[in-house]
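Here's the structure, in structure tokens; my notes come after.
The values are calculated or read from the model by the stated rules, or taken from the named source; none is laboratory data. Quick caveat: nothing in here was measured; it's all calculated off a predicted structure. Ideal geometry is used to build each Cβ from the backbone, glycine not excepted, and the neighbour counts take in all protein chains shown. Surface areas here come from the heavy atoms of the whole protein model, side chains and all, with no ligands, DNA or RNA. Shrake-Rupley method; radii C 1.70, N 1.55, O 1.52, S 1.80 Å.
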Amino acid sequence: MNQETPKHVRQISKCTIKPHKISEESKQPHYLTPWDLSLLNFNYIQKGLLFRKPSPSFQDPNPTITFIDQLKHSLSMTLTHFYPLSGRMVTKQQDNPPFYGIYVDCSNDSVGADFVHAAVDISMLDILTPIDVPLIVQSFFALEGAICHDGHTEPLLVVQATELLDGIFVGCTFNHVIGDGTAYWKFFNAFAEICRKIRKASKQAGDQQIEFNISCPPITRRWFMEDDIDPALISLPFSHHREFVVYRYERPFLRERMFHFTEESLAKLKAIANEECSTKHTPQISSFQALTAFVWRSITRSRHLTSNQKTSCRLAIDDRLRLNPPLSDNYFGNWIQSVCGTTTVGELLEHGIGWAALIVHKIIKEHTDEKIRGLREQWMKKPLIHQTEPFFSVPIVHMGSSPRFDVYGCDFGLGTPVAARSGFANKFDGKVTSYRGLTGTGSVMLEVCLPPESMSALESDQEFMDVVSPHEIHMQHLAYV
């Protein structure tokens with residue numbers, strides 16, 4: 001169970017960071033696509049990384065303060081490239097003819113991203129040693145409980161740097177309407193890249209007035225799947241936000257635990273899945289599809305549901321490369337949708353992971369360019385702002401994020417991150433967040449959220465725990481990172 005530390009995070013300072021340069025493009029209204037607008041009810045994205053604290057030296061006796069200043073400078077330069085994050089949402093409304101549209105305005109001189117410097121008297125081991133993710137990690141992020149529509153009055157981005165006794169946690173609270181997981185980690189990597197260059201330049205020349213480019217500039221112009229027209233403000237079928245912001249999810253008490261799967265264990269799951277469903281015409285099941293099927297069955301078993309109840313597995317899918325022609329991986333916005341497979345508890349548990357993996361494979365394969373464009377046409381005919389309650393209903397297993405994101409490539413000049421963690425946002429019974437594993441690109445780390453009784457049942461499931469790396473192995477590996 002969670003062993004919550006009695007320590008509290010204290011705020012040292014807070015300031016607004018503006019883009020280093022203002023481009024002509026950023027002065028124009030930033031219109032939002034159907035995929036962006038549909039997320040107005042969702043929480044902000046909250047992800048962050050833990051680093052070892054820099055050591056004092058004769059040249060720099062206060063390296064943490066130096067790093068905080070460099071983070072602020074880096075953020076300003078990064079916002080020049082990712083300017084939508086410095087704006088605020090604006091609603092344009094009129095009665096005759098009826099019109100209700102939401103866009104992002106980055107032209108106001110008063111806008112910007114917030115930067116919070118905080119501290120807490122705990123060590124990295126206080127975060128990493130417990131079996132469960134300690135609740136205090138949620139305090140490493142700002143805007144707890146905020147939904148994306150709150151971006152009318154709240155910043156679209158808040159960076160919080162929290163000092164630990166021996167480490168620094170850099171966490172971002174990032175409005176989901178502005179971008180998805182791919183966009184988030186592109187921003188985070190660019191932020192780290194600029195900071196790393198600034199730290200290197202300061203050691204060599206002591207000059208932080210140098211301007212740095214980034215290796216993967218974002219494509220910030222929104223694409224509406226119509227190449228021959230310019231982006232335009234979409235009219236929504238509402239007259240007030242209370243018509244679609246009707247429910248704010250109240251998170252129940254959940255246990256959160258990180259489970260690590262090595263490349264070898266994933267290879268075994270893949271082999272089992274392909275052997276169980278092998279026929280002449282069966283396609284190859286991927287490692288992640290096999291893992292998804294394995295986790296779906298394991299969590300379903302831990303819930304002790306009746307055999308005739310329905311159970312669903314939902315996956316967030318990046319549409320960029322599924323479009324024809326494909327959209328650039330550097331597109332900065334939302335191009336994700338979720339696909340869902342459903343069966344009964346009895347059928348899922350009576351069959352092996354190969355049977356469940358075929359369901360997962362099928363729903364992914366069917367998510368084609370044609371289907372994506374068809375869903376977009378349906379949305380334009382009847383715009384829909386997703387309500388979060390159906391997404392969070394039991395008994396769903398929702399696989400979010402991706403082990404393909406370059407999380408551990410985010411080096412701010414402090415070396416490789418020790419660990420990745422997330423905040424309060426978008427957590428519910430059955431939410432599973434995927435990260436690249438600790439032992440390389442072939443391994444996977446899963447953050448699983450379950451009620452205490454379900455988590456205890458999962459931990460007592462020998463079939464599940466035999467595939468997971470022991471928690472002690474995580475600690476041994478982290479000692480050498």
Report summary line: Here, M225 and C340, labelled 7 Å along Cα→Cβ, have an inter-label distance in nm of 1.9
Report task. Take each of the peptides 34-45, 331-342, average the number of other beta-carbon atoms within 10 Å over its residues, and list them starting from the highest. Result -> 34-45, 331-342
Requested in this report: Could you check the simple spin-label distance between D461 and E275, using points 7 Å along Cα→Cβ, in nm with one decimal?
Outcome: 2.1
Query raised in the report: Dipole of the chain (Lys/Arg Cβ +1, Asp/Glu Cβ -1, origin at the Cα centre): which of P470, S110, V245 lies farthest to the positive side?
Result: S110
Query raised in the report: So which lysines can K72 reach, going by Cα to Cα under 27 Å and dropping same-chain residues fewer than 8 places off?
Result: K7, K14, K18, K21, K27, K47, K53, K186, K197, K200, K203
Query raised in the report: Within straight cross-link reach of K371, meaning Cα distance under 17 Å, which lysines are found once same-chain residues fewer than 8 apart are removed?
Result: K362, K381, K382
Query - segment 252-325, accessible area per residue, ligands and nucleic acids excluded (1.4 Å, Å²) - result: 47
Query raised in the report: Kirkwood Rh over Cα pairs of segment 343-427 into Stokes-Einstein at 25 °C, 0.890 mPa s: D in µm²/s?
Result: 141
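Would you mind computing the Rg to Rh ratio of segment 246-309 from its alpha-carbon coordinates, Kirkwood style for Rh? Intermediate results must be reported in sequence, preceding the final value.
Numbers: Rg = 16.2 Å, Rh = 14.6 Å.
Ratio of gyration radius to Kirkwood radius for segment 246-309: 1.11.
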Query raised in the report: How compact and how long is segment 126-185, expressed as Rg and Dmax of its alpha-carbon atoms in Å?
Result: 13.4, 39
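Given the -39500 (n - 2.57) contribution per DSSP H run of 4+ residues, what per-residue ellipticity at 222 nm results for the chain, rounded to the nearest 500 deg cm²/dmol?
Numbers: 13 runs with 138 residues, N = 481.
Calculated mean residue ellipticity at 222 nm is -8500 deg cm²/dmol.
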Requested in this report: For K268, list the aspartates and glutamates whose Cα falls under 15 Å from its own Cα; do not include residues on the same chain fewer than 8 positions away.
Outcome: E276, E463, D466
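Given just the C-alpha atoms of segment 366-416, how large is their convex hull per residue in cubic angstrom?
191
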Report task. Go ahead and run the numbers for FRET between K203 and R404, Cβ-Cβ distance against an R0 of 25 Å, rounding to 0.05. Result -> 0.15
Requested in this report: Figure the gain on full extension for F58 and E211 (residue separation times 0.36 nm, minus the Cα-Cα span) and round it to one decimal in nm.
Outcome: 52.4 nm
Report task. List the residues of segment 329-345 whose backbone N lies under 20 Å from a point placed 7 Å from the Cα of L323 along the Cα-to-Cβ direction. Result -> 329-339
Query - In Å, descending, principal axis extents of the Cα set of segment 1-130 - result: 64, 44, 22
Query - Label of the coordinate-derived value, Cα extents along the principal axes in Å, listed as [x] 75, 59, 40; [y] 65, 63, 41; [z] 71, 52, 45 - result: [y]
Report task. Pick out, from I299, V448, P130, the residue whose Cα sits farthest towards the positive end of the charge dipole of the chain, with +1 on the Cβ of Lys and Arg and -1 on the Cβ of Asp and Glu. Result -> V448
